[in-house]
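Here's the structure we're looking at; comments come further down.
The values are calculated or read from the model by the stated rules, or taken from the named source; none is laboratory data. Predicted, not measured: the structure shown is a model, and the values here were computed from it. Areas reflect the complete protein model, heavy atoms only, side chains present, ligands, DNA and RNA absent. Shrake-Rupley method; radii C 1.70, N 1.55, O 1.52, S 1.80 Å.
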Amino acid sequence: MKIETVAVHAGHAVDSATGAVAAPIYLSTTFERDIEGTYSRGFMYTRNDNPNRQALERGVAMLEAGDAAAAFGTGMAAAMALFQALAPGDHVLAHADAYYGTPRLLREIFLRWGLQADFIDMTNLDEVKKALRPNTKLAWVESPTNPLLKIVDLAAVAKIVHDAGALCVCDNTWAPVLQRPFELGADLVLYSTTKYFGGHCDVAGGIVVTKTDNELFQRIRSIQYEGGAVPSPFDCWLILRGIRTLPWRMRAHSENALKVAEFLARHRKVARVHYPGLRSHPGHEIAARQMSLFGGMLSLEVKEGYNAAMSVAVKTKIFIRATSLGGVESLIEHRASVEGPGTTSPEGLLRLSIGLENADDLIEDLDHALG
Ligand SMILES: *Cc1c(COP(=O)(O)O)cnc(C)c1O
């Protein structure tokens, strides 16, 4: 079946007890034991498993064409479980341009627990080769990156990493459906489902999907239910509902973003536009190879720097000044002031999460705000 069909039906079934077409939400924290003392219906206690969580995990595993998935309360909780599944002394190689919370998690929490980590520019394949060590267990790749939309050649990095005997994890939060990491060689895929999966800025979540249900994944599974950073049944229900429209939303986000990027690239007040769908983008060719469309995220640099950028974000009427991404509403954010000291984001840069409004209205809003 094609991805749109899988997205509508994965993890869903008509409720056999009532005939309900939309799935019920199982708030029960505990489940009845059989006379023999077993749990033949498969559920015992909601931290270990819950029908809504199981449906979400099955749905995402099917969508991604992986063996299994483990859902968490947020994207960072999912990342945390993945790092916790490694052993002290293991080395992690991460993209320097990864989502800023990921290096922070490694530096502030996992170095103390004995993981080693290096942050490198994975757009440079020689740098990847040089940074590998005998104890490198995992490479954390991300593409496109935040906020400069840099493109990493996922297949090339996966090959280098595999040749060294390590695993490749792809944080695919910015490009679900559009980019298929397992087909490009990734062993695990991570999503912050807070973003495009939920799609409406009203639910937080994270998920780890595995290509093969192996020992490492069993450790992640055990961390999920022993550690208990699990999503609520309602959160699982909302995210699974979001998946039903995900392929169509990704298409519309991408179509709108391309129109906005093309408009901005011609604007006299704009110095640079970072969007992999533009031919002028240095990663365009690789992106065209590994993505079916270029996604809904872009950033622009205004010519007059910090104050001008802040003033654009104040003047927009449709774009909302807020962090995060992937919702139906368009958002605008000045990354340098959000990230604070140590930011690598240019002063005049604004990041846009392009929503599902009409692109003409978004363009008019930006044109007016740029002045
Ligand atoms: C938001 C985000 C995360 C973190 O997810 P949370 O749900 O906020 O914990 C991780 N990676 C990427 C690429 C993200 O955009």
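With every protein chain left in place, what is the accessible area per residue of the chain in square angstrom, probe 1.4 Å?
Heavy-atom accessible area per residue stands at 44 Å².
Return the carbon/sulfur percentage of the accessible area of the range 247-370, one whole number, probe 1.4 Å, all protein chains in place. Mind dumping the intermediate values first?
Details: 2960 of 5710 Å².
Solvent-exposed carbon and sulfur of the range 247-370 make up 52 percent of the total.
So, with a 1.4 angstrom probe, what is the percent of accessible area on the range 3-243 that is carbon and sulfur?
55
In degrees, nearest 10, range 0 to 90: what is the angle between the Cα axis of helix 51-64 and the longest Cα principal axis of the chain?
50
With n ≥ 4 as the cut-off for DSSP H runs, can you work out [θ] at 222 nm for the chain, using -39500 (n - 2.57) per run divided by the number of residues, rounded to the nearest 500?
After summing the helix terms and dividing by residue count, I get -11000 deg cm²/dmol.
Could you name the aspartates and glutamates whose alpha carbon sits less than 17 Å from that of LYS317, not counting residues in the same chain fewer than 8 places away?
Partners within reach: GLU329, GLU333, GLU357, ASP360, ASP361, GLU364, ASP365, ASP367.
Taking only C-alpha pairs under 8 Å that are 6+ residues apart, what is the relative contact order of the chain in percent?
17
Under 19 Å from the Cα of LYS129, which aspartates and glutamates turn up, not counting those fewer than eight places away in the same chain?
In chain and number order, the partners are ASP90, ASP97, ASP118, ASP121, GLU142, ASP153, ASP163, ASP187.
Report, in degrees rounded to the nearest 10, the 0 to 90 angle that the Cα long axis of helix 215-227 makes with the longest principal axis of the chain.
Between helix and principal axis, roughly 80 degrees.
Past the 20 angstrom mark, what percentage of all C-alpha to C-alpha distances in the range 1-147 do you count? Write down the numbers at each step before the final one.
On the way: 6839 of 10731 pairs.
Counting pairs separated by more than 20 Å, the tail of P(r) holds 64 percent.
Cut-off under 16 Å on the C-alpha distance; same-chain residues fewer than 8 positions from LYS303 excluded. Which lysines are left, in chain and number order?
LYS303 reaches LYS269.
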